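Report on one structure; see the data block that follows.
The values are calculated or read from the model by the stated rules, or taken from the named source; none is laboratory data. Note that the structure is predicted; figures quoted are calculated from it, not measured. Every residue, glycine as well, gets a Cβ built from its backbone with ideal geometry; the counts of neighbours run over all protein chains shown.
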Amino acid sequence: MKPGFFDLAIELEQLRQAGLYRQRRVVEGPQTIEIQVDGRCLINFCSNDYLGLANHPQLAQAFKRGVDQYGVGSGASHLISGHTQAHHALEEELAEFTGRERALLFSTGYMANLGIVSALIDRRGRVLEDRLNHASLLDGGLLSRAEFQRYQHNDIEDLQQRLHQSAQKTLIVTDGVFSMDGDLAHLPRLAQLAQQQQAVLMVDDAHGFGVLGATGAGVAEHFALDQQQVPIFMATLGKACGSFGAFVAGNHDLIEFLIQKSRSYIYTTAMPAAVAEATRASLKLLKTEAWRRERLHQLIRYFRKSAEQQGLKLMDSMTAIQPILVGDSHAVLLAGQRLQDQGFWVGAIRPPTVPKGTARLRITLSAEHSFEQIDRLLEVLPKALRCL
């Protein structure tokens, strides 16, 4: 072994010098719009709690009732003794809500994506993914041992050329809403192309589920696409739903196959049943409180209009994710610190989360924000970005 092969201090210093060192922040109390961070109150513009449900009293009460009924831990995997009536009921409700035959819970979104992709495709097949997909999708493609290619972001022509190169069993994988840009996949064209080429389309709708569509069922509903057009629909429950975990929805055979073959489902302890109960309460709110989605989209339109009036250059996003491109990693850290000094918490996103040279401030909006808070953020943003 070469001297210094495991000299981690050197590598850590290199990350610091490159402006890529990551640090955790200690949050005191619940996820809210005004949040306590390292002992200081900041207005929170970096959470994925898009509908303001993470601290909703009905979710908290359902969670407490779930603990009283099921205890804290689930004890085992779903296939041993960890699959409770709460889990089963939630799966049925998610299937109905998304217009699919069945749904299957996973403990996290990362594990869902790894488990779905690696179960459905192997070295005899091929995975084609958008270059800006979630890291978990990209890792799933790599771990599947299939032929793995990444097509240019939202470039249907590039994808089409790659599809023509082989007649292998092919899985096309895309985010529904791209997590760092906030734009939507060209889902109708992807669905049409997949059907023409006899490929299977998988959509990760972590950032669209609960927010997009007439009922909040996500990007497939937004584009009026059914189970035949989007046969594999995955989404997370820790963002707009304000809970935790993830699920995949599709036809009976898909779900049954994943139960048999998905390693990250088979060999993982089930999420606590109390979490499932909290998510069931969240789904009820998604159905009955459409005003949350309406309010969020109103705030998105207001933010974009006001930002453009101030001359701020925004990326092409109609979603709650509103990034401002800075470019340099050191510069975006400085901008983020300036905003914190003014009482705002905005994510400073750097490589490898985004491509090199595209560091950005990732502003995320919530239905709980006020117009006044947006005005105050927009007042200090130009100052934070000045002379970078």
Determine if the range 213-230 includes at least one residue that is surrounded by fewer than 24 Cβ atoms within 10 Å (Cβ to Cβ), at positive phi and at pLDDT below 95. no
Among the residues listed as Ala103, Ala135, Ala119, the single one being under 15 Å from the mean Cα position of the chain (by Cα) and in the same structural domain as Phe257 (by TED's automatic domain parsing): Ala135
Looking at Gln161, Gln165, can you tell me which residue is assigned to a loop (DSSP other than H, G, I, E, B) and at pLDDT below 95? Gln165
Considering Arg100, Arg123, Arg65, which residue is free of Cβ contacts under 8 Å to residues at least 40 places away in the same chain and basic (Lys, Arg)? Arg123
Looking at (1) within 24 Å of the chain's Cα centre (by Cα); (2) over 28 Å from Thr288 (Cβ atoms); (3) not polar (S, T, N, Q), which is the only condition Ile35 fails? (2)
Report, by residue number, each residue of the range 307-323 that is more than 13 Å from Ser366 (Cα to Cα) and in a loop (DSSP other than H, G, I, E, B). Gln310, Gly311, Leu312, Lys313, Leu314, Met315, Asp316, Ser317, Met318
State whether one or more residues within the range 62-77 are over 25 Å from the mean Cα position of the chain (by Cα), assigned by TED's automatic domain parsing to the domain that holds Ser243, among the aromatic types (Phe, Trp, Tyr) and surrounded by 15 or more Cβ atoms within 10 Å (Cβ to Cβ). yes
May I ask you to list the residues in the range 304-325 that are out of contact with any Pro (no Cβ under 9 Å at 6 or more places or on another chain) and modelled with pLDDT of 95 or more? Arg304, Lys305, Ser306, Ala307, Met318, Thr319, Ala320, Ile321, Gln322, Pro323, Ile324, Leu325
Answer from Leu120, Leu59 - the residue that is of a type outside the set (Gly, Ala, Ser) and over 30 Å from Ala367 (Cβ atoms): Leu120
Residues that are closer than 26 Å to Leu137 by Cα and crowded, with 21+ Cβ neighbours inside 10 Å: does the range 331-342 have at least one? no
Spans of helices (runs of 4 or more DSSP H) in the range 187-303 with at least 1 residues without any contact (Cβ under 8 Å) to a residue 40 or more places away in the chain and in contact with a Phe, Trp or Tyr (Cβ under 9 Å, 6 or more places away or on another chain): 187-196
Filter the range 324-341 down to the residues that are outside any helix (DSSP H, G or I) and within 18 Å of Leu365 (Cα to Cα) and list them by number. Ile324, Leu325
Considering only residues that are outside any helix (DSSP H, G or I), of a type in the set (Val, Ile, Thr) and more than 17 Å from Lys261 (Cα to Cα), which ones fall in the range 119-156? Val127
Is it fair to say Gly39 is farther than 27 Å from Leu296 by Cα, touching a strand residue (DSSP E or B) at 6+ places or on another chain (Cβ under 9 Å), surrounded by 12 or more Cβ atoms within 10 Å (Cβ to Cβ) and not basic (Lys, Arg)? no
